[in-house]
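Below you'll find the structure, written out as structure tokens, and then a few comments.
The values are calculated or read from the model by the stated rules, or taken from the named source; none is laboratory data. Note that the structure is predicted; figures quoted are calculated from it, not measured. As a convention, Cβ positions derive from the backbone with ideal geometry for all residues, glycine included, and neighbour counts pool all protein chains shown.
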Amino acid sequence: MSGARVVVSTARDPGPAQVERAREVAAQCLLPFVPRRGPLSELLEREDVDLVYVVDRDRETLRDTTERLSVHEGLMKLRAKVGPEHPFLRAVAPDGGVDAVLDATLGLAQDALHLAHALEARVTGLEASPVLACLAQAGLRRMAATGGRFADAAARITVRRAEAGRHLAGLAPGSWPVVLLDPMFTTPLRGPPGYEVFRRCAVDAPLTPALLAAAARVAARRVVVKAPVGWAPPPDLAERFHRRIRGKALDYLVVEHGAAAEDAAPAPKPYPYRQPRRRTPDG
């Protein structure tokens, strides 16, 4: 996690369940639990506090003085409206037939939710930041319990607190059909409300040859890497990609296996290279 100093608290007048959950989050994340005794602003004014993880009755949020971050449906209605022609789906499942995906950089679980909804896929999401992992788990659990449009999709997602490279190293070859990577970008994309809070908690996860190789070893069918539009991989990565699916704000670079690799054209590389450093918050 970044150097942000985080404490865990509750909303005002919490019930026993909220206090218990806040203590659970604090223990899981190795963070201080601070009982709520006044306005949230008082906590955020402390010199030793940058962010507060707030457990409320119906939602868990991560907050600073101006923004709040939570896991929710986000842009899912818009993504669902595009349907199978969405570039993300064309990258992950060009034939429409993927039933399981390992999202190695979960973030706020928007990509995982998209895949679980559109493909009815089982998704396991890895998140290296303990704070973001707790936030994602809480948000998905709440969505699954509400019975809304995306409840079934949220229920198909499993959140694991794990660093991508280490977790991939412990998996058997070909144990997941698809592995998704969302590395950090040098120039971050314009994010939704709460993006700055996300950035302060996210773990740096640049795309390296070792990480891509580990993902390719685990993926039986393909690896999909999210990147800014026009991002060109460096020479030690470029030759590993077989195709690029272009979107409005993001490109999806794909490593194919088997017959798909033989038929796929190399990904175009007409843009100057920039080393990725920050990932998008949708994950």
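A few comments on the model shown:
- Any pair with Cβ under 7 angstrom, 6 or more apart, that starts in region 86-113 at a residue that is free of Cβ contacts under 8 Å to residues at least 60 places away in the same chain and ends at one that is not in a helix (DSSP H, G or I): LEU113/PHE150; LEU113/ILE157
- Listed by position, the strands (runs of 3 or more DSSP E) inside region 30-135 whose residues that are within 22 Å of PHE150 (Cα to Cα) and touching a Phe, Trp or Tyr at 6+ places or on another chain (Cβ under 8 Å) number at least 2 are 60-63, 100-103.
- Screening THR124 on (1) more than 22 Å from ALA100 (Cβ to Cβ); (2) crowded, with 16+ Cβ neighbours inside 10 Å; (3) polar (S, T, N, Q) shows it passes everything except condition (1).
- For VAL71: the one exception among (1) buried (at least 23 other Cβ atoms within 10 Å of the Cβ); (2) in the same structural domain as ALA136 (by TED's automatic domain parsing): (2)
- Unique residue being in contact with a Ser or Thr (Cβ under 8 Å, 6 or more places away or on another chain) and touching a residue at least 12 places away in the same chain (Cβ under 8 Å) when the list is GLU67, GLU127: GLU127
- Of all the residues in region 157-180, those that are assigned to a loop (DSSP other than H, G, I, E, B), under 15 Å from the mean Cα position of the chain (by Cα) and touching a residue at least 40 places away in the same chain (Cβ under 8 Å) number 1.
- Just one of the listed residues (ALA133, ALA112, ALA116) is under 10 Å from the mean Cα position of the chain (by Cα) and either β-branched (Val, Ile, Thr) or surrounded by 24 or more Cβ atoms within 10 Å (Cβ to Cβ) (or both), namely ALA112.
- Applying a threshold of 7 Å to beta carbon distances and a minimum spacing of six or more residues, or different chains, the list of pairs starting in region 31-55 at a residue that is more than 23 Å from GLN137 (Cα to Cα) and touching a residue at least 12 places away in the same chain (Cβ under 8 Å) and ending at one that is in a loop (DSSP other than H, G, I, E, B) and of a type in the set (Ser, Thr, Tyr) reads LEU44/THR65.
- Hits in region 12-29 (condition: loosely packed, with under 13 Cβ neighbours inside 10 Å and either part of a loop (DSSP other than H, G, I, E, B) or in the same structural domain as LEU135 (by TED's automatic domain parsing) (or both)): ARG12, ASP13, GLY15
- Test for VAL101: is it touching a helix residue (DSSP H, G or I) at 6+ places or on another chain (Cβ under 6 Å), within 27 Å of GLY230 (Cα to Cα) and buried (at least 22 other Cβ atoms within 10 Å of the Cβ): yes
- Residue match in region 136-143 (condition: modelled with pLDDT of 95 or more, outside any helix (DSSP H, G or I) and not polar (S, T, N, Q)): no
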